[in-house]
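Report on the following structure.
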Amino acid sequence: MSYSTFNRKQFDSMKEPMFFGENVNVARYDQQKHPIFEKLIEKQLSFFWRPEEVDLSSDRKDFQKLEEHEQHIFLSNLKYQTLLDSVQGRSPNVALLPIVSLPELETWIETWSFSETIHSRSYTHIIRNIVNDPTKIFDDITVNKEITKRADSVSVYYDRLIEMVSLYNTLGLGTHHVPEHGDIEISMRSLKKALYLTVASVNVLEAIRFYVSFACSFAFAERTLMEGNAKIIKLIARDEALHLTGTQHMLNLMASGKDDPEMAIIAQECKEEMRNIFIEAAEQEKDWASYLFKDGSMIGLNAQILGQYVEYITNVRMQAVGLDTAFGTKHNPIPWINAWLVSDNVQVAPQEAEISSYLVGQIDNDLSESDFDDFDL
Amino acid sequence: MTTLTSNKPDKVRDKVHRVLLGKKQILVTEDEPLLVQLEREGIHVEYQCREGYCSSCSIKLLWGHVEYPFEPLAWVQSGYMLACCAIVKSDIEIAFFSD
Ligand code: FES
Ligand SMILES: [Fe+2]
Ligand SMILES: [Fe+2]
């Protein structure tokens with residue numbers, strides 16, 4: 001069966017499964033099989049923000065004052081986040097749009113991906129602001145071993161699903177020989193399994209992998225350093241919280257069998273592999289923390305504390321998708337992070353007077369001539 | 001056990017319920033969600049959004065009845081509740097996932 005951008009068949013889209021049913025034809029939102037995705041779209045739209053709205057002028061000065069090993073921590077996290085959002089800005093679209101069958105889910109996927117492109121744009125905004133030659137930073141992302149190691153794990157499930165779906169769309173069901181990849185079995189079962197594992201690995205990407213960077217960004221901000229960056233990260237974290245809820249819903253709907261009974265069987269079959277995806281990611285993130293701090297820690301954070309935080313957050317996320325927790329860490333070793341992660345419209349930490357949404361359109365006057373010295377215009 | 005109410009309750013305001021957490025017992029009202037009331041007692045609960053869309057505050061509801069003034073966006077596992085937005089409606093017993 002090949003993909004059609006406007007399926008001419010007549011069918012009741014309220015009876016389709018989330019994936020691998022009919023291709024969506026009419027984009028309509030007056031009725032939804034799963035209203036949650038419509039609600040996520042609305043929430044995501046209400047979160048809309050632009051990186052340029054956040055003033056970064058003092059970050060430039062702060063960055064120059066950071067110790068070399070702190071600059072390494074800061075830049076490495078930015079590179080890793082750039083990788084993650086590069087993947088997320090395109091992959092839900094490329095992998096999931098050809099197989100989605102509900103209009104509200106299709107639009108959720110597009111809205112979700114779009115918000116990731118804002119994240120990518122914010123990294124350019126940050127990097128342009130703190131270094132004179134952004135190319136050096138961006139080029140390192142594809143060659144730095146510590147980062148490329150991660151690129152494999154975050155893209156492998158997406159890539160496999162994309163390959164399988166394109167075989168399915170061109171050649172149909174059966175076993176197909178692909179040069180250099182060997183024989184690939186395409187059955188509804190194998191496709192759905194690849195889908196389920198992809199969604200699990202995306203959940204891990206958004207719900208765990210970002211949090212090491214988040215913690216470092218907020219640890220700088222706790223020392224009133226790189227505060228503009230922290231405001232951007234706060235906005236990104238708010239989006240990511242919504243994205244992870246989206247994938248949790250997909251996983252839980254699949255596992256419940258309410259959407260597609262076969263998916264419940266697949267979810268059961270994949271339980272062990274899914275568990276391993278979570279655990280493997282947590283181990284990689286702990287390694288990443290050691291790499292960040294290889295030349296020295298920063299105040300309030302070190303590789304060990306960050307490792308415990310990774311374990312803790314992994315437990316929280318596993319529990320949310322019905323898995324038994326994997327690690328012994330029972331308490332959040334850096335509870336102060338929650339005050340940074342919380343949405344601004346909810347008052348929680350009164351000491352946190354500066355609210356990032358107030359920064360919209362702000363112009364910072366606290367600049368001297370010399371701040372522009374090494375800007376090339 | 002978990003129900004949704006379309007609109008805010010009116011008069012049943014100062015009703016007090018017991019919340020059991022391990023060996024601790026805390027008294028809470030229906031005026032505010034459970035999370036803030038636990039925090040006031042010095043009990044740390046994980047949270048992020050405090051608006052029902054991230055599931056970070058998910059805790060076990062062993063028995064008892066809670067209601068959500070608005071339907072949370074986050075998935076609520078059966079046997080769990082979202083502390084940030086749930087209003088306690090009877091005596092309840094809760095536990096953290098780690099217990
Ligand atoms: S803190 Fe986000 S759902 Fe409760
Ligand atoms: Fe993102
Ligand atoms: Fe995301």
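Under 5 Å between amide H atoms, partner at least 5 residues away or on a different chain: which partners does B:Glu30 have, H built in plane at 1.01 Å?
Amide H to amide H, under 5 Å and 5 or more residues apart or across chains, B:Glu30 pairs with B:Lys15.
Rounded to the nearest 500, what is the protein assembly as shown's calculated 222 nm mean residue ellipticity when only DSSP H runs of at least 4 contribute -39500 (n - 2.57) each, over all residues?
It comes out at -16000 deg cm²/dmol, rounded to the nearest 500.
How do the peptides A:172-184, A:239-251, A:148-160, B:84-96 rank, highest first, by the average count of neighbouring beta carbon atoms within 10 Å per residue? Don't jump to the answer; show the numbers that get you there.
Numbers: A:172-184: 10.5, A:239-251: 24.6, A:148-160: 16.8, B:84-96: 20.4.
Ranking, from highest mean packing down: A:239-251, B:84-96, A:148-160, A:172-184.
Report, to two decimal places, the Cα Rg of region A:37-178 normalised by 2.2 N^0.38 Å (N = number of residues). Numbers along the way, then the final one.
Values: Rg = 18.7 Å, N = 142, 2.2 N^0.38 = 14.5 Å.
Normalised Rg, Cα atoms only: 1.30.
How far is the Cα center of region A:251-289 from the Cα center of region A:151-189, in Å?
19
Averaged across orientations, what area in nm² does the convex hull of the alpha carbons in region A:206-314 project?
Its average projected convex-hull area is 7.4 nm².
Express in nm, to one decimal, how much length is gained between A:His177 and A:Gln10 on full extension, taking 0.36 nm for each residue of separation and deducting their alpha carbon distance.
Here the segment from A:His177 to A:Gln10 would lengthen by 56.7 nm.
Shielding by partners for A:325-332, please: the mean number of other protein chain Cβ atoms within 10 Å of each residue's Cβ.
Partner-chain Cβ atoms within 10 Å, mean over residues of A:325-332: 2.
Across peptide B:52-61, what mean number of C-beta atoms from other chains lies inside 10 Å of a residue's C-beta?
Mean partner-chain Cβ count within 10 Å for B:52-61: 5.
Quick one: check the C-alpha center-to-center distance for region A:81-113 versus region A:46-70, whole angstrom.
One Cα centre to the other: 28 Å.
For the protein assembly as shown, what ratio Rg/Rh do Cα atoms give with a Kirkwood hydrodynamic radius?
Expressed as Rg/Rh, it is 0.97.
Sequence gap of 8 or more, or different chains, plus Cα separation below 26 Å: how many lysine pairs satisfy both in region A:37-152?
9
Could you derive backbone 3J(HN,Hα) for region A:166-180 from the dihedral phi with the Karplus parameters 6.51, -1.76 and 1.60 (θ = phi - 60°), listing whole Hz in sequence and x where the residue is Gly or Pro?
Per residue, the Karplus-derived 3J(HN,Hα) values read 6, 5, 4, 6, 9, 10, x, 5, x, 9, 10, 8, 10, x, 6 Hz.
Which percent of Cα-Cα pairs in region A:42-98 sits in each 5 Å bin, short to long?
Calculated over all Cα pairs of region A:42-98, the distribution is 4, 13, 11, 19, 20, 13, 9, 7, 3, 1 percent.
Treating cross-link reach as a plain straight distance, find the lysines whose alpha-carbon is under 18 Å from the alpha-carbon of B:Lys15, omitting any fewer than eight places away in the same chain.
Leaving aside lysines fewer than 8 places away in the same chain, those within reach of B:Lys15 are B:Lys89.
Can you return the aspartates and glutamates within cross-link range of B:Lys23? Criterion is Cα-Cα under 13 Å, with same-chain partners fewer than 8 residues away left out.
Straight-line reach from B:Lys23, under 13 Å: B:Glu93, B:Asp99.
Just report the Cα centroid separation between region A:298-343 and region A:1-17, whole Å.
Each part's Cα centre sits 42 Å from the other's.
Residue by residue through region A:63-70, what is 3J(HN,Hα) from phi via Karplus (6.51 cos²θ - 1.76 cosθ + 1.60, θ = phi - 60°)? Round to whole Hz and write x for glycine and proline.
Listing the rounded values in order: 4, 5, 7, 5, 5, 4, 5, 6 Hz.
Please report, in cubic angstrom per residue, the volume enclosed by the convex hull of the alpha-carbon atoms of region A:57-130.
With only Cα atoms used, region A:57-130 gives 74 Å³ per residue.
How crowded by other chains is A:34-42, given as the mean number of beta carbons from other chains within 10 Å of each beta carbon?
Counting Cβ atoms of other protein chains within 10 Å of each residue's Cβ and averaging gives 1.
Could you give the alpha-carbon Rg of region A:1-114 over 2.2 N^0.38 Å, rounded to two decimals?
Normalised Rg, Cα atoms only: 1.51.
A short reminder: the numbers here are calculations on the coordinates, not readings from a lab. Note that the coordinates shown come from a computational prediction; the quantities given were computed from them, not determined experimentally. Cβ sites come from the backbone with ideal geometry, for glycine too, and all protein chains shown count toward neighbours.
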